[in-house]
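Let me begin by presenting the structure, written as structure tokens, before commenting on it.
Where a number appears in this text, it was derived from the coordinates with a stated rule and is not lab data. Since this is a predicted model, take the numbers as computed values, not measurements. Neighbour counts run over all protein chains shown; Cβ positions are idealised from the backbone, glycine included.
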Amino acid sequence: MIHKNERRLALSYINVAYFAFLIGTFCGLMQVFIRNNALKLPAWLDYYQILTVHGVLLALIFTTYFIFAFFITGVSKTLGDFGPKVRSVSWLGFYVMTIGTVMATVMIISGKASVLYTFYAPLKASGWYYVGLALFIIGTWIAGFAILGHYASWKRRNKGVLSPLFAFMTVSTIILWIIACLGVVATVVFQFIPWAFGWTETINVELSRTLFWYFGHPLVYFWLLPAYMAWYTVVPKIIGGKVFSDSLARLAFVLFILFSIPVGFHHQMVEPGIPAFWKFLQTCLTFMVIIPSLMTAFSMFATFETAGRQKGGKGLFGWFTKLPWKDIRFTSIFIAMVFFIPGGAGGIINASFQLDEVVHNTLWIVGHFHITVGTPVAMTFMGLTFWLVPYLTGRKFTNSLKKLAFIQIITWAIGMLLMSTSQHILGLMGAPRRTSYAGYNGKKTALEWFNGIVANHVTMAIGGSILFLSAMLLIYIVAMSMFVSPKALDREDQVEFPLAESDQSGTPRFLENWWIWIGISFALIFVAYTIPIMHMIEHAPPGSIGYKTW
């Protein structure tokens, strides 16, 4: 077991994560019924208020807090207990993050920040909302640098030795996060905060959106990479195998650092003012991210087949039947992987200029977001939760909880399949995103969104309802694992951190030379962003005043 201080810190992160998850999923339930015109909000509550809460608490708060809990637990296991300084800095990061989270959430709930998860200008929230966002990011940096400091200390004690794979992947993800956050910190500190407090009258809208999406797309990989970490390092242990290739896994994470940041323009395909060449360049860089994703898919299915054949699997697909389908730790993550196949295909469509023109401002994008983040990432985190919380609390994950976990995962998959598929189809039918209920005066096209035979807003609401019930079941499982289940007094009842063996004998040492990859990353960012941003600044329009439309 890890040191009690690291255990307490990781559990603190998990508690905040699942409290945010509880509120965020409830807001999601309200959204699907409002869009179906089945729920009317009271005068003091606005649709865009709950939409902002849903996006911020689930996409930003839940994921980030859970990721840091996973990092802290895994790094302390692979590199040893934190020292007093690292613990102090880690707690400081947690407190700063939480202060920022509370500040931003209070501003949203009080009706002063209904600017959505993307907080696009010229919509203008309270200045304290942006201060809260800034504190949240600063807190993640503090917590991230604490882990990097622990890693650096380990490297000094083990000169010339490759770090464990889990630690390497953690450092990769934190480096990506820190570099990506430079964009959102720049726009929040130097644009939004002075503008929101009235120190400047206008804001450069195009520059603010560009800096946001410099951060916004690698944010997706900040969510995905911890899921990939589980796929590479945890799943092989659960199925009785080992990491397929240590060097392949490390190279994949290096490539994510290089190619997930200078690609934000593919989120701005329909925006004027950005020359077509720069959109084309960043689209090409976007497609480069497909390479490490395919490497990951190859590695995982090679791991599955190898382990299945070692257990006696015969024929072309006999190995498939030998996988531990009765182990929820594996089944939950396998289902998550399967969902990522159509999710990744949808991403290729979104990044293609002509196809994005068709789906950009439709529910297709919402469906894509939920089938990538809401399923592969969220379901992987759920699968980790089933053993991570008992591991940290020292409690049993009882048979009754295991049965409930299967029900929770299956219902989440069914709910997401119904809701996300409906959103994709409705997007192709022209249903817009970011809107409350709108009947468009009974126009035929709009009526099809509500009365469609296969997919409609009713189907979407049914899926959302199933998801909410699944979420409540997950909260129950977490609470039982945290506070109620009996303590695991016998060694065989203790839940362990399943970490697979990884053969480092053939892994090149240069893969862990971080300065090479950071340097190349900044070079790609310089090529992709310098000239367009200079153009946005030099040829900026007069700027926009703030608007409050809620």
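Hydrodynamic analysis of the stretch 324-512 uses the Kirkwood radius over alpha carbon pairs. Inserted into Stokes-Einstein at 10 °C and 1.306 mPa s, it gives a translational diffusion coefficient of 84 µm²/s. With contacts taken as Cα pairs under 8 Å and at least 6 residues apart, the chain reaches a relative contact order of 19 percent. Each residue, Asn441 and Lys548, gets one label point 7 Å from its Cα in the Cβ direction; the gap between the two is 3.2 nm. In whole Å, what is the distance between the alpha-carbon centres of the stretch 350-386 and the stretch 504-547? Taking the Cα centre of the stretch 504-547 as reference, the centre of the stretch 350-386 is 24 Å away. Computed from point charges on the beta carbon alone (+1 for Lys and Arg, -1 for Asp and Glu), the dipole magnitude for the stretch 324-512 about its Cα centre is near 540 Debye.
The 3J(HN,Hα) values that the Karplus relation (6.51, -1.76, 1.60; θ = phi - 60°) gives for the stretch 246-253 are, in residue order, 5, 5, 4, 4, 5, 4, 4, 5 Hz. Gly and Pro appear as x.
Between the amide H of Thr362 and those of Arg433, distances stay under 5 Å, these residues lying 5 or more places away or on another chain, with hydrogens modeled in the peptide plane. Under a model in which nothing but the beta-carbon of Lys, Arg (+1) and Asp, Glu (-1) is charged, the chain shows a dipole of about 1180 debye around its Cα centre.
Taking neighbour Cβ counts within 10 Å as the exposure measure, how do His535, His150, His3 sort from fewest upward? Walk me through the numbers before you get to the answer.
Values: His535 16, His150 25, His3 13.
So the residues, fewest neighbours to most, are His3, His535, His150.
A Förster radius of 35 Å combined with the Cβ-Cβ distance from Ala523 to Phe301 puts the calculated FRET efficiency at roughly 0.55. Comparing the chain with the 2.2 N^0.38 Å rule of thumb, its C-alpha radius of gyration ratio is 0.95 (two decimals). In this simple spin-label model, placing a label point 7 Å from the Cα along the Cα-to-Cβ direction at both Leu22 and Phe197 gives a separation of 3.4 nm. For the residue pairs Lys311/Lys402; Lys155/Lys487; Lys77/Lys487; Lys242/Lys314, the C-alpha atoms sit more than 29 angstrom apart in Lys155/Lys487.
The phi torsions of the stretch 285-290, fed into the Karplus equation with coefficients 6.51, -1.76 and 1.60 and a -60° offset, translate into couplings of 5, 4, 5, 5, 5, 4 Hz, rounded to whole numbers, with Gly and Pro shown as x. The calculated FRET efficiency for Met472 paired with Ile341, based on their beta-carbon distance and R0 = 22 Å, is about 0.20. Taking the number of Cβ atoms within 10 Å of each Cβ as an exposure proxy, the fewest-first ranking of Glu6, Glu201 is Glu201, Glu6. Backbone N atoms of the stretch 290-315 closer than 19 Å to the 7 Å Cα→Cβ label point of Thr321 belong to residues 304-315. Were the residues from Val102 through Phe287 laid out at 0.36 nm apart, the gain over their Cα-Cα distance would be 62.9 nm.
Here each label is just a point 7 Å from Cα along the line to Cβ, and for Ser505 and Lys314 those points are 3.2 nm apart.
Across the stretch 324-512, C-alpha contacts under 8 Å between residues 6 or more apart give a mean separation that, scaled by the residue count, equals a relative contact order of 29 percent.
Shape index of the stretch 359-448: Rg/Rh, with Rg the Cα radius of gyration and Rh the Kirkwood radius from the inverse mean 1/r over Cα pairs, equals 1.19.
Extension gain for the segment Gln494 to Asn361, taken as residue separation times 0.36 nm less the Cα-Cα distance, is 43.0 nm to one decimal. Judged by the mean number of other Cβ atoms found within 10 Å, the most tightly packed of the peptides 406-416, 303-313, 205-215 leads the ranking 205-215, 406-416, 303-313.
Our estimate of slack between Lys40 and Asn451, defined as 0.36 nm per intervening residue step minus the Cα-Cα distance, is 146.0 nm. Distance between the C-alpha centres of the stretch 32-95 and the stretch 392-438: 18 Å, rounded to the whole angstrom.
A helix-only calculation puts the chain at -22500 deg cm²/dmol for mean residue ellipticity at 222 nm, using -39500 (n - 2.57) for each DSSP H run of at least four residues, averaged over all residues. Based on Cα contacts under 8 Å between residues 6+ apart, the stretch 66-203 shows a relative contact order of 32 percent. From least to most packed, judged by other beta carbons within 10 angstrom and beginning with the fewest, Leu60, Leu133 follow the order Leu60, Leu133.
Using only side-chain charges placed at the Cβ, +1 for Lys and Arg and -1 for Asp and Glu, the dipole size of the stretch 202-359 relative to its Cα centre rounds to 900 debye. Between Ser465 and Phe190, the FRET efficiency estimated from the beta carbon spacing at R0 = 41 angstrom works out to 0.45.
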